[in-house]
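Structure record follows, encoded as structure tokens.
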Amino acid sequence: MITWMVILVAAFVLAIGATPLARRVALHTGMVDQPSARKIHQSPIPLLGGVAMYTAFVVALILFADRFYISQMVSIVVGATWVSFLGVWDDRVHLRASVKLIGQIFGALILVAAGITVEIFNNPIFDTAITLFWIIGITNAMNLLDNMDGLSGGVAAVAAAFFMLLAAENGQFLVGSLSAALLGVAIGFLIYNFNPALIFMGDSGSLFIGFMLAAVGIKLRFPDHPLISTWFIPILVLGLPIFDTTLVFVSRLRRGLNPMTHAGKDHISHRLVARGLTVREAVLALYLVSGVFGMVAVFCAQGNVLASYFALALVITASLVGLYEFEFKKERLKTLEKR
């Protein structure tokens, strides 16, 4: 635990120092996010915050992570490096969705090649397929969630904190180190990214943190509890981005839009603002929701099968009610259908 705290503090301090430098580079090179009808900000905002997060994350691990686990970290960091580079490329030239997807598949295959896969079916084909779906799904979910100042970074911090807690309870040192580094860089970056944001993480950041959270979710193990009562715990920890992505996909498909290429103000955060919340209030409310998902995950990690599935059923029911409330009530669609 002491090592994790050192990594967390180091990542936090490095992120605080690296982010202003990334902001200067972004302004100097023209890497800025321009305002548009589908965005909230009214003036150009520098990108490359994700580069600062990535750099702080890697340096903190190199300096303070237990050398025993370095070999296991290499493939995860290599994959994260690839998707972060892919994000920088996308921020610069705006890649087609198909190109980004191919790049993400390649990043996921780096983990598969290193033997980092889910272990649910004990069948290499099925487990590999689930692994690819999970990594690509969570990576894109965090990318989609990056639609409001401080949202994606804050939710990543909440999820990383719960992954670190779960790792501590189950003796998962590699997961704890990665989660601590991710928590540190997310909090450090939020100092500059919380509304009103001075810098955005860009795709280089959202793809990076999504990939890392997916990888951490795969590596998390519960040696003292049966798989039947723990396989869904990473899903619960990342419940908010999963819900938001589901909401967006359902909404866009209902309106005859391509969920992968269309962008708009149809995320849960936008809908909360449309209901009268300020940007800060909406983001803080979603932090709270993410925390509730995490607390349910911690409860389920205790290993009681019946209690775990009862809690899971409650979460699924609440999510379906939320989906109905925000998407299927006709009065909720008036603004969206005009887009």
For region 116-147, which positions are among the hydroxyl-bearing types (Ser, Thr, Tyr) and surrounded by 18 or more Cβ atoms within 10 Å (Cβ to Cβ)?
Thr117, Thr131, Thr139
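Checking the condition under 25 Å from Tyr69 (Cα atoms) and surrounded by 24 or more Cβ atoms within 10 Å (Cβ to Cβ), which residue from Ala113, Ala159 passes?
Exactly one residue qualifies, and that residue is Ala159.
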Lone qualifier among Leu320, Leu312, Leu333, Leu257 - being modelled with pLDDT under 95 and either part of a helix (DSSP H, G or I) or closer than 30 Å to Ala167 by Cβ (or both)
Leu333
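Is it the case that Asn193 is buried (at least 24 other Cβ atoms within 10 Å of the Cβ) and among the polar types (S, T, N, Q)? Steps first, answer last, please.
Working: buried (at least 24 other Cβ atoms within 10 Å of the Cβ): yes; among the polar types (S, T, N, Q): yes.
Here the answer is yes, as Asn193 does meet what is asked.
For every residue, the table says whether it meets (1) farther than 21 Å from Val59 by Cβ; (2) modelled with pLDDT of 95 or more.
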site	(1), (2)
Ala160	no, yes
Met164	no, yes
Gln172	yes, no
Leu190	no, yes
Ala215	no, yes
Ile218	yes, yes
Ile233	yes, yes
Pro241	yes, yes
Arg252	yes, no
Has region 58-68 got any residue that is of a type in the set (Gly, Ala, Ser) and assigned to a loop (DSSP other than H, G, I, E, B)?
yes
Check Leu286, Leu247, Leu306, Leu227 and return the single one that is exposed (fewer than 14 other Cβ atoms within 10 Å of the Cβ) and in contact (Cβ under 8 Å) with a residue 12 or more places away in the chain.
Leu227
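The values are calculated or read from the model by the stated rules, or taken from the named source; none is laboratory data. The structure presented is a predicted model; accordingly, all values stated were derived computationally and were not measured. Methodologically, a virtual Cβ is constructed for each residue, glycine included, from the backbone with ideal geometry; neighbour enumeration extends over all protein chains shown.
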